[in-house]
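Contents: one structure, followed by commentary.
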Amino acid sequence: MIITFDIETLPCDDPALIADIHAKVSPPGTHKKAETIAKWWAEDGEQAKADAVANTSFDGAYGRVCCISWAFDNEDPMSSAGNDEREVLTGFYASLNDRLSVDIHGGSLSVPAIFCGHYITGFDLPFLKHRSIINKVRPNLSILKAMSAKPWDACIADTLLMWSGDPHKRGSMDKLCKVLGIPGKGDFDGSMVASTWPTDPQKVISYCEDDVIRTRSIYQRLTFDF
């Protein structure tokens, strides 16, 4: 079974961690004079602090998962989303447990699974692993195996790497959609998630589910399934 999935993340919202992040912000090393440093703090310091917090949405140690969308084989996508990160993770893993285990003679057998996504080896899987550890949520065994696997292992289909193993020739999802004739992201992208989530979470959820459909279409083209 192929599980195509995508996650959407938000910046850190823990005041204590944010204070620690702010404390680590400093002027560029090229600024040596006291007056130059003071000028930087006055003009750029607050923005640098804001940027440092915003960038935690890419770091599983500080950021948080607000939405996970996934699809089993060619089925419609489904989502686990909300402000309670623990519930978001638990909902995803519960769905995997339901579909990837088969009861046989009083026991259970795991269904072989391939986890498919765009750059999941570099972002989605490690982010989920870190957030699961922090939230004390035990992942489904199949995705836990994928979290510890090598990018080339059979349980992973990373469309970024499938397109090209050359780091200089890898393509973004939007680029692959364009060259493969697959409908792209439109006027909404990942950079808008954090600002959109508080007022219109459904827009983020729909975007995440659409990414699952796009990724699955890319995977099918890359595996000559057409």
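Any read-out appearing in this document is the output of simple, stated calculations on the displayed coordinates, not a laboratory observation. Small disclaimer: the values here were computed from a predicted structure and weren't measured. Positions of Cβ are generated from backbone atoms using ideal geometry, with glycine treated the same way; all protein chains shown enter the neighbour counts.
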*asked:* Please report the antiparallel percentage of DSSP beta bridges with both residues in segment 2-222, rounded to the nearest 5.
replied: 75
*Ordered by packing density, taken as the mean number of other Cβ atoms within 10 Å over each peptide's residues, highest first, how do 132-139, 26-33 rank?*
132-139, 26-33
_Ranked by how many other beta carbons lie within 10 Å on average, peptides 64-71, 191-198, 37-44, 76-83 from highest_ = 64-71, 76-83, 191-198, 37-44
*Pull up all non-local amide H partners of Ala157: gap of 5 or more, or a different chain, and H-to-H distance under 5 Å with H placed in the peptide plane.*
Phe115, Cys116, Gly117
*Any idea what diffusion coefficient segment 1-124 gets from Stokes-Einstein, in µm²/s, Kirkwood Rh on alpha carbon pairs, 25 °C, 0.890 mPa s?*
139
*Taking 7 Å along the Cα-to-C-beta vector as the label spot, tell me the Arg86-Ala54 distance in nanometres, rounded to one decimal.*
3.1
*asked:* Just to be sure I follow: if Rg is taken over the C-alpha atoms of the chain and Rh is the Kirkwood radius over the same atoms, what is Rg/Rh?
replied: 1.03
*Which of the lysines could a cross-linker span from Lys129 if the Cα-Cα distance has to be under 18 Å and same-chain partners fewer than 8 positions apart are dropped?*
Lys145, Lys150
*Per residue, what volume in Å³ does the Cα convex hull of segment 96-226 take up?*
153
*Could you work out the relative contact order of segment 2-222, using alpha carbon pairs under 8 angstrom and six or more residues apart, expressed as a whole percent?*
25
*Go through segment 26-32 residue by residue and turn each phi into a ³J(HN,Hα) via Karplus (6.51, -1.76, 1.60, θ = phi - 60°); whole Hz please, and just put x for glycine and proline.*
8, x, x, x, 6, 8, 10
*Once you charge only the Cβ atoms, +1 for Lys and Arg and -1 for Asp and Glu, what is the size of the charge dipole of the chain about its Cα centre, to the nearest 20 debye?*
720
_Ordering of 176-186, 120-130 by burial proxy (mean other Cβ atoms within 10 Å per residue, highest first)_ = 120-130, 176-186
